[in-house]
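The values are calculated or read from the model by the stated rules, or taken from the named source; none is laboratory data. Given the structure is predicted, the values throughout are model-derived calculations rather than measurements. Cβ placement follows ideal geometry from the backbone for every residue including glycine, while neighbour counts extend to all protein chains displayed.
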Amino acid sequence: MDPRLILVSNRLPVTVRVKDGRATVRQSVGGLSSGLRAPHERSGGLWVGWPGGLDGLDQDARRDVDRQLEKLRTVPIQLDALEVAVFYERISNAVLWPICHDRIDRLPLRVDGWDVYESVNARYADAVAEHYRPGDVIWVHDYQLLRVPALLRQRIPEARIGFFLHIPFPNPEIFFTLPTRHSLVEGVMGADLVGFQTRRFLGHFRAALRRLFSLEASVESVVPWGGRQVRLGVFPIGVDAADFSRRAETSAVKAKVVEYRAPGQRLLVGVDRLDYTKGIPRRLLAVERLLTVHPEWRERVRLIQVAVPSRDRVDAYRRIRREVDALVGRINGAFATPTWTPIHYIYRSVPSDVLLALYRAADVMLVTPLRDGMNLVAKEFAASRVDEEGVLVLSEFAGAAEELPDALLVNPYDVDGTAEEIHRALTMEGAVRQRRMRALRATVLEHDVHRWSTSILDMLVAGA
Ligand code: ADQ
């Protein structure tokens, strides 16, 4: 029998909606939760995390939310306003996030609050320790909880602990700018198994271990640490590809595809969280460049760019929003005609059938982050193309590029080069297009999110 699994992530995979003082708790769909829900349910496990702010609820409603959360076998960690501001918005999202994505320039001039990061991480570790039963397997996720594995190891020395980093581990030269570099690496090394998205990020972590602690990993990537052996590994995350393929075939999605595709026009699509790592401004400039150097595309091609609002209480995110608004306005102002607008910009989250229809309607999908741990949008696009059509233009700086050589790989910093690749994608011969898409689909279908979680959990259980 599978051991019981305790998942630990900053957020719980639920959405709590409050209306007229009453609350309903729903399981979130998509992304990480779809891959982890199966092992969570199969093992009768627990999921520890923050359910989001529960302001505006009286005591009765709060108790009701707790009951609903318990039924979903989740253990809520409550964060107060200061903890949200310092642990989540400042240290996690305004310091660790930019550093891991090579953006030292985005750091605040002065950073304090590491004590709050530590104490919140300790609260997660306490909650796990409180519910732990011998034999359980614990799996901790991502950069908000880098200290949790070591804090757990202090509390439960014999526990089996896995850690997975969803975002890049940066080059040590960049990581070392953090005054807490030793304690963060020590935190992660509390685990028995540490997983990264790509070989490159694993290499950076090994270099950090070497330079901070004079430790060399073996050829099998095993490192001696505090009397234990810590295994490091590469586990590129996938998507629920079969589910995307199935849902892409529904009549609701197909009807929308017809609506989105104007006759005689080609469609470029971009879908991202609005984040400065996703490369949206340079992508817009590449489309502008395309319309300038290849004027034959004017009135014949348009970009639908969906940007999901994200972290809008962090300054850098307000700035990127203004920057994108201004660029869209400028480019549309310069090129639009009474019957055509080159950039169709949607700044909100869209329902899943709209997302699927956009994936299916796209002639060219533009996934051009400046740096990305993996990028699930690229894989969801390929999974949705049951018709084996469409071209993926993919940044060489997305983790996904290591696995998807059949995309057209671009350097997103090279705006002119990206414009040329978009032109190439739009003019690619049908047979070549289909061969590339078949290869992309084969990879994405085989290396799906279930395989990802199973391979990590199998290794963690086998190491017991
Ligand atoms: P993210 O930075 O959030 O994830 P990504 O991998 O692209 O980025 O995932 C975004 C998810 O949001 C996708 O599943 C997508 O379908 C969904 N989404 C995007 N736009 C949407 C919209 N308009 N409406 C509804 N849903 C939308 C982090 C890392 C990534 C890594 C993942 C998983 O930054 O590099 O791939 O974790 O490990």
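For the residues PHE205, PHE176, PHE201, PHE169, the requirement of being surrounded by fewer than 19 Cβ atoms within 10 Å (Cβ to Cβ), assigned by TED's automatic domain parsing to the domain that holds VAL137 and over 14 Å from VAL148 (Cα atoms) singles out PHE176. The number of residues in segment 40-70 being part of a helix (DSSP H, G or I), closer than 17 Å to HIS131 by Cβ and either aliphatic (A, V, I, L, M) or within 16 Å of the ligand (Cβ to nearest atom) (or both) comes to 1. Scan segment 59-74 and report the pairs whose first residue is within 11 Å of ALA23 (Cα to Cα) and not assigned by TED's automatic domain parsing to the domain that holds ALA127 and whose second residue is charged (D, E, K, R) and exposed (fewer than 15 other Cβ atoms within 10 Å of the Cβ), with Cβ atoms within less than 9 Å and a gap of 6+ or a chain change. Close Cβ pairs (under 9 Å, with a partner that is charged (D, E, K, R) and exposed (fewer than 15 other Cβ atoms within 10 Å of the Cβ)) do not exist here.
Scanning segment 288-310 turns up no residue that is within 12 Å of the ligand (Cβ to nearest atom), part of a helix (DSSP H, G or I) and under 23 Å from the mean Cα position of the chain (by Cα).
Being surrounded by fewer than 15 Cβ atoms within 10 Å (Cβ to Cβ) and more than 24 Å from SER310 (Cβ to Cβ) is a condition met by no residue of segment 76-93. The single residue among LEU394, LEU404 that is closer than 21 Å to LEU303 by Cα and surrounded by 14 or more Cβ atoms within 10 Å (Cβ to Cβ) turns out to be LEU394.
Selection over segment 160-175 of residues that are of a type in the set (A, V, I, L, M, F, W, C), part of a strand (DSSP E or B) and within 16 Å of the ligand (Cβ to nearest atom) gives a count of 2.
Here is a yes/no grid of residues against (1) under 23 Å from the mean Cα position of the chain (by Cα); (2) modelled with pLDDT of 95 or more; (3) within 12 Å of the ligand (Cβ to nearest atom):
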residue	(1), (2), (3)
ARG371	yes, yes, yes
VAL391	yes, yes, no
PHE397	yes, yes, yes
ARG438	no, yes, no
